[in-house]
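Written out below as structure tokens is the structure these notes cover.
Every number here is computed from the coordinates shown, using simple stated rules; none is lab data. Treat the numbers as computed from the prediction; the structure is a model and nothing was measured. Don't worry about glycine lacking a Cβ; one is built from the backbone with ideal geometry, like all the others, and counts go over all protein chains shown.
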Amino acid sequence: MVPGWALPVTLLLIAKAPIAGFAKTRLTPPFSPREAAQLAAASLLDTLAAMRGTSVQHRVVAWTGDLADAEQADEIAHALREFTVIPQRGADFGERLANAHADAARPGLPVLQIGMDTPQLDPALLAASAIQLLTTADAVLGPATDGGWWALGLPDPRPARLLAQVPMSTDHTGEDTRNMLRRCGFHPHALPTLTDVDTYDDARTVAARCHGRFAAAVARACAADAEVLL
């Protein structure tokens, strides 16, 4: 890639404040609500770092929740200064996804949307996904091992409004989304399959495959829980 040149893509992150009792509730138990929120904060910070390291023209975070109440609030606030931050809008998750695509869109730039549940992401994978979105001029979808998806890329943000009609957080959300894309005339290209961090087993699996804040936070939380059991 030519130094100083950025991929003509909008990289969009859907994020929520990592607040105890609000974020990563499926990790409790065995983790406490605060430990789960700390893992969410670490995952978010790793994801923001991966985005910063990816050479794209536009980086956007669609945010919900009160940052002041979040774990690692100061560090997250500092990291967010390098992004365009927009509020999430909508009554449910599908509506918020659809509105985020519309709000983040810039003329001529396709949108690659990710979440904060895959801290194993790195700049190389994000750049490769963005390049696939550009070179195919078609939709791209990153499957998740739980039947959902971790990334959605659209050359035109307008079809994203149909995400409001796709049932989210089910074991068939990925297939439902692929079918929606096909109805819109796309032939979605598959990105690598990743594991979302939703459960304790997910957290252990992902931490073993990545480095950074999330892996360290999982190690600390597991060690603390082991001490409690002794």
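Taking the Cβ of Asp92 as the center, what net charge do the other residues with Cβ under 14 Å away carry, scoring Lys and Arg +1 and Asp and Glu -1?
+3
Suppose R0 equals 45 Å. What FRET efficiency, 1/(1 + (r/R0)^6) with r the Cβ-Cβ distance, do Arg158 and Ala223 give to the nearest 0.05?
E(calc), rounded to 0.05, equals 0.40.
Take each complete run of DSSP H in the chain, measure how far its Cα atoms stretch along the helix's own axis, and keep only those covering 20 Å or more with mean Kyte-Doolittle hydropathy at least -0.5; list them.
Those that pass (Cα extent of 20 Å or more, hydropathy at least -0.5) are 33-52, 213-229.
Can you give the convex hull volume of the alpha carbon atoms of segment 107-173 per residue, in Å³?
With only Cα atoms used, segment 107-173 gives 98 Å³ per residue.
First select every other residue whose beta carbon is under 13 angstrom from the beta carbon of Ala105; then total the charges, Lys and Arg +1, Asp and Glu -1.
Residues close to Ala105 contribute a combined charge of +1.
Evaluate E = 1/(1 + (r/R0)^6) for Leu80 and Ala208, where r is the Cβ-Cβ distance and R0 equals 22 Å; express this FRET efficiency to the nearest 0.05.
Once the sixth-power term is evaluated, E becomes 0.20.
Place a +1 charge on the Cβ of each Lys and Arg in the chain and a -1 charge on the Cβ of each Asp and Glu, then give the dipole magnitude about the Cα centre in debye, rounded to the nearest 20.
620 debye
Thr199 versus Ala6, label points 7 Å from Cα toward the beta carbon: distance in nm?
4.0 nm
How compact is segment 1-95 by the rule of thumb for globular proteins, expressed as Cα Rg over 2.2 N^0.38 Å?
Scaled against compact globular proteins, the figure is 1.18.
Once you keep just the Cα pairs under 8 angstrom separated by 6 or more residues, what percentage relative contact order results for segment 13-80?
44 percent
Given a cut-off of 21 Å, what percent of all Cα-Cα pairs of segment 76-230 lie beyond it?
Of all Cα-Cα distances in segment 76-230, 51 percent exceed 21 Å.
Quote the relative contact order of the chain in percent (integer), defining contacts as alpha-carbon pairs under 8 Å separated by 6+ residues.
Across the chain, relative contact order equals 22 percent.
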